[in-house]
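Visitor: Can you keep this structure in mind? I'll have questions shortly.
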Amino acid sequence: MSAVLRVLNGLAWLSGILAMLLLASATVVVTQMVIWRYFLGASTVWQTEYVIFSTTAAMMLGAPYVLALKGHVGVDLLVERAGSGMRRVFALISGLASLFFVGALAWSGLHFLFEATMKGWTTDTIWALPLWIPFWPVPFAFALMSLQLIVQIILAVFPELDSAEGAA
């Protein structure tokens with residue numbers, strides 16, 4: 001189980017790095033767009049679209065990294081007051097609910113990615129960006145989160161798997 005966790009955490013880390021790079025590039029492009037448009041009077045063709053897609057992709061790709069860090073917002077007042085058995089039940093319920101939601105997003109994202117690729121969808125702008133490019137982060141990020149949640153559910157049901165490997 002620890003090897004699987006290492007691989008998933010490594011993929012989440014890479015996903016987080018990519019999210020950071022996308023946000024940084026969006027910042028550079030916004031700066032360039034402002035300079036071109038307001039100071040040089042030039043038109044901008046692709047910049048707005050790039051910023052929208054890159055920041056959205058960064059949000060999606062950052063989610064597995066945050067999940068790996070257990071950084072998502074949670075209300076744990078009830079969980080903290082519960083015993084270890086009830087904590088496992090809460091972890092199982094929240095893990096299954098999250099897996100259902102994230103799995104549905106991964107599946108529908110894969111469907112849209114497939115359609116955009118097979119049908120040659122592009123944006124309706126002058127840039128005509130192929131839509132598979134902004135669509136791919138959705139199934140990737142949510143599939144990775146689904147795998148992370150499956151491991152968390154397994155560890156909630158069988159906590160000895162986590163502690164057994166730590167002792168080995």
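The values are calculated or read from the model by the stated rules, or taken from the named source; none is laboratory data. Everything quoted here is computed from the prediction, not taken from an experiment. No Cβ is skipped: glycine too gets one built from the backbone with ideal geometry, and neighbour counts run over all protein chains shown.
Visitor: Condition (residue is more than 24 Å from residue 14 (Cβ to Cβ) and in contact with a Lys or Arg (Cβ under 7 Å, 6 or more places away or on another chain)) applied to the range 31-50: is it met by at least one residue? Before the answer, list the steps.
Guide: In the first step, residues of the range 31-50 are kept if they are more than 24 Å from residue 14 (Cβ to Cβ); the result is 31-49.
Now restrict to residues that are in contact with a Lys or Arg (Cβ under 7 Å, 6 or more places away or on another chain): 44.
Yes, some residue in the range 31-50 is more than 24 Å from residue 14 (Cβ to Cβ) and in contact with a Lys or Arg (Cβ under 7 Å, 6 or more places away or on another chain).
Visitor: Would you say residue 43 is closer than 17 Å to residue 152 by Cβ and of a type in the set (S, T, N, Q)?
Guide: no
Visitor: Okay, moving on. Give me a count of the residues in the range 112-127 that are in contact with a strand residue (DSSP E or B) (Cβ under 9 Å, 6 or more places away or on another chain) and exposed (fewer than 11 other Cβ atoms within 10 Å of the Cβ).
Guide: 1
Visitor: Now, a different point. So, in the range 21-61, of the ones that are touching a residue at least 60 places away in the same chain (Cβ under 8 Å) and among the aliphatic types (A, V, I, L, M), which residue ends up farthest from residue 109 (Cα to Cα)?
Guide: Among those residues, the one meeting the criterion is 45.
Visitor: Do you know which residues across the range 59-93 are of a type in the set (Ser, Thr, Tyr) and at pLDDT 90 or above?
Guide: 65
Visitor: Please count how many residues of the range 34-56 are among the hydrophobic types (A, V, I, L, M, F, W, C) and within 24 Å of the chain's Cα centre (by Cα). If you could, list the steps in order and put the result at the bottom.
Guide: Kept after step one, since they are among the hydrophobic types (A, V, I, L, M, F, W, C), are these residues of the range 34-56: 34-36, 39-40, 42, 45-46, 51-53.
So of that shortlist, the ones also within 24 Å of the chain's Cα centre (by Cα) come out as 51-53.
Residues that pass the stated criteria total 3.
Visitor: So residue 82 ticks every box in (1) exposed (fewer than 13 other Cβ atoms within 10 Å of the Cβ); (2) free of Cβ contacts under 8 Å to residues at least 60 places away in the same chain; (3) over 23 Å from the mean Cα position of the chain (by Cα) but one. Which box is left unticked?
Guide: (1)
Visitor: Ok, one more. Could you check the range 20-137 for helices (runs of 4 or more DSSP H) lying wholly inside it with 2 or more residues that are of a type in the set (Ser, Thr, Tyr)?
Guide: Helices (runs of 4 or more DSSP H) meeting the threshold: 47-68, 84-119.
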